[in-house]
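The values are calculated or read from the model by the stated rules, or taken from the named source; none is laboratory data. Here the structure is a predicted model, which is why all the values come from computation and not from measurement. Backbone-built Cβ (ideal geometry, glycine too); neighbour counts: all protein chains shown. These accessible areas exclude ligands, DNA and RNA; they are computed on the full protein's heavy atoms, side chains included. Shrake-Rupley method; radii C 1.70, N 1.55, O 1.52, S 1.80 Å.
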Amino acid sequence: MDEKKRINESTSAQRSSSSSKGKKKKKRKSTNPFVRVLKVVGTLLLSVVMIVIISGSIFATALTIYILNFADTTTTVSLEENVITSNVSRFMYANPDYDEDDEDSEEYELYYAIKSTESKASWVDLEDIPTFVQDAFVYTEDERFYSHDGVDFRRTFISIIRTLLGDTQGGSTITQQTIKNITDDNAVDGTEGVERKIREIFRAINVEKVYTKDEIIEAYLNVIEFGTSVDEIIGIQSAANFYFRKDVSELNLAEAASLAGMLTAPAVYNPLENPENNRVRLDYCLDQMLENGAISDDEYEEAQQQADELVVYGDYDFTTAEEEQDIPEDQGVTSWFVDAAIRQAINLIAEEKGVTTDKAEEMLYSGGYNIYTTVDIEMQEQIEEAMLDDSNFQSYTLSDDDLLSGFICIDYTGSVLAIVGSRDEKTEIRCYDVVNQGVRSPGSCIKPIASYAPAVEQDLITYSTLIEDSPIKIDTDGDGNKEEWPVNYSETGSSSNWSYDNIPAWQMLARSLNTAPAQLVQEMTPQYCFTFLKEKLGITTLDEENDVNYSPMTVGGLTNGLHLEELVSAYMIFGNGGKKYETTYISKLEEVDGTVIYEQSDGYTQAISESTAYVVNKMMQKAVTESNGTARYAALDGVTLAAKTGTSSEWVDLNFVGCTPDYISGVWVGYNEATQISTSDYQNIGAIWKNIFGDIAEAEEDKDFEQPESVVELKYCTKTGLIAGSSCSSTATGYYKETNIPQTCSGYH
């Protein structure tokens, strides 16, 4: 009983306890308003934080994608070794000593660098820049240059923030400044400025992975600008020339500090226009060098004394090569060859870019092109020297000598190797030259290309075909009355009567008689000859209205005349199997980033057959080897020469074109005004050519032209011009196309 009561009491106590706990859970919430506000504010703050975190994540993701897009598309910048600033174009020539197995061997060498008249620039290798000059720029512009990887992120971040706020702050490293100058990517303000900075960062990082610090500082010192308010000065070499009339290797410490200090704002801090401002920056540069241990206390004091005595020049004339000014080799007056190459480059750029030649010229002088030329530098210099030697032209010393001349040499692929446009020393840039700008009468030099070659090609004549020395009858005055034409001329200029003899074709050419080509032009028609010159040989100066006639096609009486360049180029067909290549001074033209604008083609026009070319070549050799050949004064020692002389009416123009196994070359002489040339005062045109080019020709590797299998060498009968028979008593050697061998002479003469 008692036990049962105890159990009941225990159970009742448990229920009571449980009921008490239940009542605590259902206790009413506090009605304190302060507590409720705190809870609401906490909730809002937490929501804001979450929004900021989420938005920040989205922004960071978008920014990352944005930046990575730049990384994918803007990081490629090429710092070519010896790259020159983008407003300088370089003319290169092939190095004859280049060895592809030697990693230190240079395939091309600098020939000339051309600049705008408003811009001065010159390249200098790092090894020629003193270490203290390099240090002056490093410790003024980028004191951590040798330790960072292309970007100083602290300075860059500050620069970006200040740019967004509408201010500018220099944060670029030397690597970034180099990239900016080479790419001309120089946006400063707002979003574009930030985008440019981002591009610079990735480009700088990539550049530092590819190039050494020495390569970067070399490029930097050659592309930075040191200009005044009116002069554009590019690179440390030009700055040393301009401000101090020194080579960069001759600068002292104060001069180096002066140049390094002005880069913040060249127009404001240059020593020529603002010497006081420059002195402040000069001192800052020296302080930086001293602080970083680049110079000693003694060197610092010496530099301060140098600064007190600093002499600044400016107004430097880069077009006058004066020894005392120590102008670098590529700063002088351009050569005749470079002038011609500039003209071609302008036309190529205009064609490629679809702009006017004026715009193309501006682009060439300010766009940074690499022009690989075809020049043979030694030959160019040798011919320039020969053209200045009056004894190569005069029969004796003349007190008054204003005879003009031009000379050009081309190889059998159309590459111009040398050109000289005057007998006078060249003192101007891009001056007039008679070779590719002048148009003068070719005289009888027209005969091989306008009549003999087409006639042999058409099988109208062979090497030994007999042609009567007699005139044709044509309407010379347009009045309908036909007259006998043309007359033959002697070497002294007087006319001679026709002999009416039957003369072999080769001898007609060797003696330059006018009757044979007149007969050939009549048979082929002047129109055919005109079309051959224009379409097969690329002659551009022909007059469609007036030159389709006998005199122009027979004796070179053209309305306008020919460029000597085009005349000589046309003769290449006689030494290369009948192929006519385009004539060029440039093998390749490319932009500074390597984009190729033009590359010399190996394509050609087959103007005549290989066999025709060789037969006419052998005919022209007779003009040199025969005692009465008009080109006999040009005969070479040990080297075969096929040549033709050309004399215009009244001895106003004298021309000579010679084909040796390796080269085609030609010379013209005459006066500015149409005036007869005195044959007693001046040497024979063949002798003039030999005086200028003979030594070069005789040193050629090839000594004779290679005879093709399509040409056969046979004896012919001198009385009939046919292949000699057993009964022919007078024979000579002839050369014939395998497809057009004359009949054999019967022996009945």
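Per-residue answers, yes or no, for (1) among the basic types (K, R); (2) within 16 Å of I449 (Cβ to Cβ):
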{"residue": "R511", "(1), (2)": "yes, no"}
{"residue": "T515", "(1), (2)": "no, no"}
{"residue": "A518", "(1), (2)": "no, yes"}
{"residue": "T531", "(1), (2)": "no, yes"}
{"residue": "K534", "(1), (2)": "yes, yes"}
{"residue": "N546", "(1), (2)": "no, no"}
{"residue": "G557", "(1), (2)": "no, yes"}
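What pairs can you find where one residue is in the stretch 652-679 and within 18 Å of T625 (Cα to Cα), the other is among the basic types (K, R), and their Cβ atoms are less than 6 Å apart, with a gap of 6+ or different chains?
The qualifying pairs are V657/K644.
Which count do you get for residues in the stretch 379-435 that are open to solvent by 30 Å² or more (accessible area, probe 1.4 Å) and of a type in the set (S, T, N, Q)?
The number of residues fulfilling the criteria is 7.
In the stretch 719-749, what residues are under 16 Å from A505 (Cβ atoms) and within 53 Å of the chain's Cα centre (by Cα)?
Selection gives G721, L722, I723, A732, T733, G734, Y735, Y736, K737, N740, I741, P742.
Among D469, D459, D479, which is charged (D, E, K, R), free of Cβ contacts under 8 Å to residues at least 24 places away in the same chain and surrounded by fewer than 24 Cβ atoms within 10 Å (Cβ to Cβ)?
Exactly one residue qualifies, and that residue is D479.
Restricting the first residue to the stretch 229-240 and requiring it to be without any contact (Cβ under 8 Å) to a residue 60 or more places away in the chain, which pairs with a second residue that is of a type outside the set (A, V, I, L, M, F, W, C) and not in a strand (DSSP E or B) meet a Cβ separation below 6 Å and a spacing of at least six or different chains?
Listed by first residue and then by second, the contacts come to A240/K246.
Anything in the stretch 569-584 that is of a type in the set (G, A, S) and in contact (Cβ under 8 Å) with a residue 40 or more places away in the chain? List them, or say none.
If the condition is that a residue be of a type in the set (G, A, S) and in contact (Cβ under 8 Å) with a residue 40 or more places away in the chain, then S569, A570, G575, G577 are the ones that fit.
Which residue out of I461, I408 is in contact with an Asp or Glu (Cβ under 7 Å, 6 or more places away or on another chain) and of a type in the set (V, I, T)?
I408
Test each condition in (1) in a loop (DSSP other than H, G, I, E, B); (2) surrounded by 23 or more Cβ atoms within 10 Å (Cβ to Cβ) for T228 and report the one that comes out false.
It is condition (2) that T228 fails.
For the stretch 526-541, which positions are surrounded by 19 or more Cβ atoms within 10 Å (Cβ to Cβ) and assigned to a loop (DSSP other than H, G, I, E, B)?
Listed by number, the residues that qualify are L537, I539.
Do we have any residue at all in the stretch 668-676 that's out of contact with any Ser or Thr (no Cβ under 8 Å at 6 or more places or on another chain), charged (D, E, K, R), open to solvent by 30 Å² or more (accessible area, probe 1.4 Å) and not in a strand (DSSP E or B)?
Yes.
Name, by its number, the condition in (1) within 14 Å of C445 (Cβ to Cβ); (2) open to solvent by less than 10 Å² (accessible area, probe 1.4 Å) that does not hold for E566.
(2)
Only one residue in Y716, Y735 is open to solvent by 20 Å² or more (accessible area, probe 1.4 Å), modelled with pLDDT of 95 or more and not in a loop (DSSP other than H, G, I, E, B). Which one?
Exactly one residue qualifies, and that residue is Y735.
Please determine whether any residue of the stretch 395-414 is within 30 Å of P742 (Cβ to Cβ) and modelled with pLDDT of 95 or more.
The answer is yes; a qualifying residue exists.
Mind telling me which of the residues E545, E523 ends up being open to solvent by 40 Å² or more (accessible area, probe 1.4 Å) and closer than 18 Å to V616 by Cβ?
Exactly one residue qualifies, and that residue is E523.
From the list R245, R279, exactly one residue is of a type in the set (K, R), touching a residue at least 60 places away in the same chain (Cβ under 8 Å) and open to solvent by 30 Å² or more (accessible area, probe 1.4 Å). Which is it?
On inspection, the qualifying residue turns out to be R245.
If you take the residues of the stretch 684-707 that are open to solvent by 10 Å² or more (accessible area, probe 1.4 Å) and either of a type in the set (D, E) or without any contact (Cβ under 8 Å) to a residue 12 or more places away in the chain (or both), which of them is farthest from S611 (Cα to Cα)?
Checking each candidate, the answer is D695.
Would you be able to say whether some residue in the stretch 585-596 is closer than 30 Å to Y369 by Cα, buried (at least 24 other Cβ atoms within 10 Å of the Cβ) and out of contact with any Leu (no Cβ under 9 Å at 6 or more places or on another chain)?
Yes, because at least one residue in the stretch 585-596 is closer than 30 Å to Y369 by Cα, buried (at least 24 other Cβ atoms within 10 Å of the Cβ) and out of contact with any Leu (no Cβ under 9 Å at 6 or more places or on another chain).
Take F137 and decide whether it is at pLDDT 85 or above, part of a helix (DSSP H, G or I), in contact with a helix residue (DSSP H, G or I) (Cβ under 7 Å, 6 or more places away or on another chain) and open to solvent by 20 Å² or more (accessible area, probe 1.4 Å).
So F137 fails the test.
E523: acidic (D, E) and in contact with a helix residue (DSSP H, G or I) (Cβ under 9 Å, 6 or more places away or on another chain), yes or no?
Yes: the conditions hold for E523.
Please go through the stretch 599-651 and give me each residue that is of a type in the set (F, W, Y) and either open to solvent by less than 30 Å² (accessible area, probe 1.4 Å) or closer than 30 Å to T675 by Cβ (or both), ordered by number.
Once the filter is applied, which keeps residues that are of a type in the set (F, W, Y) and either open to solvent by less than 30 Å² (accessible area, probe 1.4 Å) or closer than 30 Å to T675 by Cβ (or both), the stretch 599-651 yields Y614, Y633, W651.
State yes or no: is S587 more than 15 Å from the chain's Cα centre (by Cα) and small (G, A, S)?
The answer is no for S587.
Being open to solvent by less than 80 Å² (accessible area, probe 1.4 Å), at pLDDT below 85, over 30 Å from L253 (Cβ atoms) and of a type in the set (D, E, K, R) is the requirement here; does R155 meet it?
In short, no.
Identify all residues within the stretch 681-707 that are of a type outside the set (S, T, N, Q) and more than 21 Å from G638 (Cα to Cα); write none if there are none.
Within the stretch 681-707, D681, Y682 meet the criteria.
Among the residues of the stretch 548-567, which ones are farther than 20 Å from A518 by Cα and without any contact (Cβ under 8 Å) to a residue 24 or more places away in the chain?
None; the set is empty.
Applying the selection to the stretch 343-397, what residues are among the aliphatic types (A, V, I, L, M), outside any helix (DSSP H, G or I) and closer than 17 Å to E565 by Cβ?
The one that is among the aliphatic types (A, V, I, L, M), outside any helix (DSSP H, G or I) and closer than 17 Å to E565 by Cβ: V375.
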